[in-house]
1. Between beta-carbons, use under 14 Å as the cut-off and find the net charge around Leu155, counting Lys and Arg +1, Asp and Glu -1.
2. What's the longest uninterrupted piece of the chain once you rule out the trypsin sites (Lys or Arg not before Pro) that are loop residues per DSSP with at most 16 other Cβ within 10 Å?
3. Who wins for biggest fluctuation among Gly70, Gly115, Gly50 in a Gaussian network model of the chain, springs between alpha carbons below 10 Å?
4. Provide the FRET efficiency to the nearest 0.05 for the Thr107-Glu30 pair, computing r from the beta carbons and using R0 = 22 Å.
5. When the chain is treated as a GNM, springs tying every alpha-carbon pair under 10 Å, which of Cys90, Cys27, Cys148 comes out with the largest mean-square fluctuation?
6. Could you give the length gained by full extension between Ser135 and Ala161, i.e. 0.36 nm per residue of separation minus their alpha carbon distance, to one decimal place?
7. When a/c is below 1.5 the answer is rounded, else prolate if a/b is larger than b/c, else oblate, so apply that to the stretch 16-152 with a ≥ b ≥ c taken from the square roots of the Cα gyration tensor eigenvalues.
8. Which of the chymotrypsin sites (Phe, Trp or Tyr not before Pro) found in the stretch 68-169 are loop residues per DSSP with 15 or fewer other Cβ atoms within 10 Å of their Cβ?
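None of the figures in this text is laboratory data; all of them are computed from the coordinates on show. What you are looking at is a predicted structure, and each value in this text was computed from that prediction instead of being measured. Cβ sites come from the backbone with ideal geometry, for glycine too, and all protein chains shown count toward neighbours.
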Amino acid sequence: MGMLCPNLRHKTDKRMLERTLVLLKPCTLERALAGEIIGRFERKGLRIAGMKMMQLDDEILDAHYAHLKGKPFFGILKASMMTSPVVAMCLEGVDAVAVVRGITGDTNGRKAAPGTIRGDYCMSNQQNIVHASDSPEAAEAELKRFFCPEEIFDLGDTNLARLYAADEV
Ligand code: TYD
């Protein structure tokens, strides 16, 4: 197995592990689906480097959804993200951002492919089970927004040989 870079985000390491943010939305907790959704990420082989419950507020949602400010659904989107706590997760793996987006599926649950989380668990364009960062740059900014550094754990390399070939990490 290759050496695990101590700083997982080292830009020149082609085989670096990447980290991404997932939020289990309030609808997911209200429908008692949290365990099932977390299990899908775990079974894929993504490692949970951080996880906690949070009650979101206006301030964090204005920042998180800044790209949607002015959209007609902005108000109800924010309200729906505050009806219950969310579970915030930092997931880790090679190409984690793209892998998690693929597992998550299209925004609209009615159009998302069967087999994806949104395709399998929801009928809505908004009550769509999870948020997942859409680029490495977004993941870095969003992880900083939702987690303190000490809430994200260095998982070491104990199980990497079970998850990847020797030349992948
Ligand atoms: P967006 O960042 O476009 O999608 P994604 O979550 O797939 O990255 O939108 C953020 C959230 O805004 C989306 O998960 C649900 C909500 N939303 C609506 O309610 N209606 C819409 O038409 C769109 C595009 C998004």
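1. Every neighbour counted, the sum reads -3.
2. Counting at most 16 other Cβ atoms within 10 Å as exposed, the longest clean stretch of the chain is 112-169.
3. With Cα springs under 10 Å in the chain, the top fluctuation among Gly70, Gly115, Gly50 is at Gly70.
4. Efficiency for this residue pair is about 0.70.
5. Cys148
6. So the chain would gain 6.7 nm between Ser135 and Ala161.
7. rounded
8. Loop-located and lightly packed - Phe73, Phe153.
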